[in-house]
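Notes for the one structure printed next.
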Amino acid sequence: MLQVNYIRDNREQVLERLAVKNFKQPALVDEIIQLDDKRRQTQTSLDNVSAEANVAAKQIGELMRAGKKDEAEVLKSKTGTWKEDIKALGEQLSTIEEELYQKQVLLPNLPHSSVPKGLTPEENEVVLESGAMPHLPANALPHWELAAKYNLIDFELGVKITGAGFPVYKNKGAKLQRALINYFIDEAEKAGFSEVSVPLMVNEASGFGTSQLPDKEGQMYYVGLDNLYLIPTAEVPITNLYRDVILKADELPVKNCGHTPCFRREAGSYGAHVRGLNRLHQFDKVEIVQIAHPDNSYALLEEMVSHVQGLLQKLGLPYRVLRLCGGDMGFGSALTYDLETWSAAQQRWLEVSSVSNFETFQSNRLKLRFRNAEGKTQLAHTLNGSALALPRIVATILENYQTENGIKVPEVLVPYTKFEWID
RNA sequence: GGUGAGGUGCCUGAGAGGCCGAAAGGAUCAGUUUGCUAAACUGACGUACGGGAAACUGUACCGAGGGUUCGAAUCCCUCCCUCACCGCCA
């Protein structure tokens, strides 16, 4: 959520930035400013009436104590209109505030100046490509066939016990999951992210904090009986750890990482592109989260991208880094890098990580602040990224490392899997 | 699920209709003192939204929302949450 004061002070710039995100309702900006004017006027009137009433109430108290009942009664008789005014103005104010909030949440975050214009994924900017493309045997298989061939993943069993999109990992497939999780966590810790293990369900307030609510509730699994949501990403519980917190400047940056399963309903997308592990309702992910000082959040964003690149390099997977264009970016992000690995058997790029700087968009809702050099509270910047999401990494490893004799486990993972071949 | 207790500032905790944005202690910060560490003393120290160049100032906030009253942290109602014990249980 953008701050109203920022919108007021930077109207032109806000409009210009929103255009980069192809925002369709620029009129909202002026509506918000006008509503805020109204809000201020109403509040000032309310404050003034309240001030008068407060003074009178105090005087009445003093008169009563002094035994001057008659004078007190005279004052009392005057309070009626104030009460009415206070009530009316109070109601007006909450109506205006509610209206303002409803409009405010419709504005997406402003894209960073480096964000390219564009509408579709094709217009994302390829920042770099790295790693050699693998040469696969002539009869190379896609990962879902490899998973069946080597008895690693059972999609049908998952359908039986839960439904489509909930695979059962078996044998070396299950062990590979654990190996990747531990490897990613260890690497994140080496990079300075301290591990947290958090609940997989969150309450409504947390959903609002990272703005999955109120708009995207359809994407989350909801436990109505207890009014809890299954997390779509560890970003939600980890970032909400710092909801309503005022940090000291020297506590920044806060760096956390954590592994969780992620649950996404992702209704309405079927077909070849979602076969196998390409899109699931439940998957494992290691997430990295930072809370940063606004002055260096972009440097930290680059660091996070480098960290994720390092993982892909060490796993020996060809990858590319994309800077998302305005139209493809998430609602709350100011700058997003997607990292994709090349799936050799499917002959296409698979998104395995998304690293974003939200600037103050989340922290404004979270009331996540720090005390700046002047001793004043200021909103911190929040950043997060996948490091990494497992399923597509598993898919790419299976496909790219397949040989006539089986699938070779990437070297860095062998200490974790304790086997070198899947065969 | 049952029963009981309770939600006050960074923490502990007082507060029972006006003198309460809130005692006291701790923590933190600044200063004084001190050979170091420690201690002592003095002072500062909530958040948000307005107004003001600033000093400062108005309003709101004691879990949330309503109500009673000239006046509510304090009384009444509804809801939410937490804790303890019992039951069940990994």
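The values are calculated or read from the model by the stated rules, or taken from the named source; none is laboratory data. All values derive from a computational prediction rather than experimental measurement. Note that each Cβ is placed from the backbone with ideal geometry, even for glycine, and that neighbours are counted across all protein chains shown. Surface accessibility is based on the protein's heavy atoms, side chains included, excluding ligands, DNA and RNA. Shrake-Rupley method; radii C 1.70, N 1.55, O 1.52, S 1.80 Å.
Along segment A:360-369 the Karplus relation, 6.51 cos²θ - 1.76 cosθ + 1.60 evaluated at θ = phi - 60°, assigns HN-Hα couplings of 9, 4, 7, 5, 4, 6, 6, 6, 9, 10 Hz to successive residues, with x for each Gly and Pro. Maximal additional length on extending the A:E204-A:K376 stretch stands at 59.0 nm, based on 0.36 nm per residue less the C-alpha distance.
Normalised per residue, the accessible area of segment A:91-134 is 58 Å², obtained with a 1.4 Å probe and no contribution from ligands, DNA or RNA. What FRET efficiency comes out for the pair A:T403/A:E266, r = Cβ-Cβ distance, R0 = 45 Å, nearest 0.05? Computed FRET efficiency for A:T403 and A:E266: 0.85.
For segment A:61-90, backbone nitrogen atoms closer than 20 Å to the point 7 Å from A:A51 Cα along Cα-to-C-beta are found at A:79-90. Placing dummy labels 7 Å off each Cα toward the beta-carbon, the span from A:V168 to A:T120 is 4.1 nm. Using θ = phi - 60° in the Karplus curve 6.51 cos²θ - 1.76 cosθ + 1.60, the 3J(HN,Hα) couplings for segment A:411-419 round to 3, 5, 8, 4, x, 8, 7, 6, 9 Hz; x is entered for Gly and Pro. For A:V409, the amide hydrogen comes within under 5 Å of the amide hydrogens of A:W421, A:I422, counting only partners 5 or more places away or on other chains and with H modelled in the peptide plane.
Here segment A:121-422 is described by how far its Cα atoms reach on the three principal axes: 65, 45, 39 Å, from widest to narrowest.
Counted residue by residue at 0.36 nm each, then reduced by the alpha carbon distance between them, the extension gain from A:K149 to A:Q25 reaches 39.5 nm.
Other residues within the sphere of radius under 12 Å centred on the Cβ of A:N203, judged by their own Cβ, net out at -1 (K and R +1, D and E -1). Ranked by the mean number of other Cβ atoms within 10 Å of their residues, highest first, the peptides A:215-223, A:255-263, A:400-408 fall in the order A:255-263, A:400-408, A:215-223.
Distance between the C-alpha centers of segment A:152-228 and segment A:61-112? Whole Å please. Centre-to-centre (Cα) distance: 46 Å. In this label model, A:N182 and A:K367 are separated by 4.2 nm, measuring between points 7 Å along each Cα→Cβ vector. Around the amide H of A:Y169, modelled in the peptide plane, lie the amide H atoms of A:D154, all under 5 Å away and 5 or more residues distant in sequence or on another chain. Applying 1/(1 + (r/R0)^6) with r as the Cβ-Cβ distance of A:E156 and A:D70 and R0 = 60 angstrom yields a FRET efficiency of 0.10. A simple rule links phi to the HN-Hα coupling: the Karplus curve 6.51 cos²θ - 1.76 cosθ + 1.60 with θ = phi - 60°, which for segment A:340-349 gives 10, 9, 8, 8, 5, 6, 8, 6, 7, 7 Hz, with x for Gly and Pro.
Multiplying the residue separation of A:S113 and A:D423 by 0.36 nm and subtracting their alpha-carbon distance yields 106.7 nm. Take A:77-86, A:28-37 and order them by the average number of nearby Cβ atoms within 10 Å per residue, most first; the result is A:28-37, A:77-86. Accessible surface area normalised per residue over segment A:175-288 is 46 Å², counting heavy atoms of protein chains with a 1.4 Å rolling probe. Each of A:V223 and A:K38 was given a label point 7 Å from its Cα along the Cα-to-Cβ line. The distance between the two points is 4.2 nm. Candidate membrane-span-like segments in chain A, meaning DSSP H helices with Cα atoms spread over at least 24 Å of their own axis and a Kyte-Doolittle mean of -1.0 or above, are A:27-65, A:171-190, A:297-314, with no membrane implied.
Taking amide H atoms as placed 1.01 Å from N in the peptide plane, the amide H of A:L388 lies under 5 Å from those of A:V286, each 5 or more residues away in sequence or on another chain.
For chain A, the carbon plus sulfur part of the accessible surface works out to 50%, probe radius 1.4 Å. Secondary-structure-derived ellipticity at 222 nm for chain A, considering helices only, amounts to -13500 deg cm²/dmol, per-run term -39500 (n - 2.57) for DSSP H runs with n ≥ 4.
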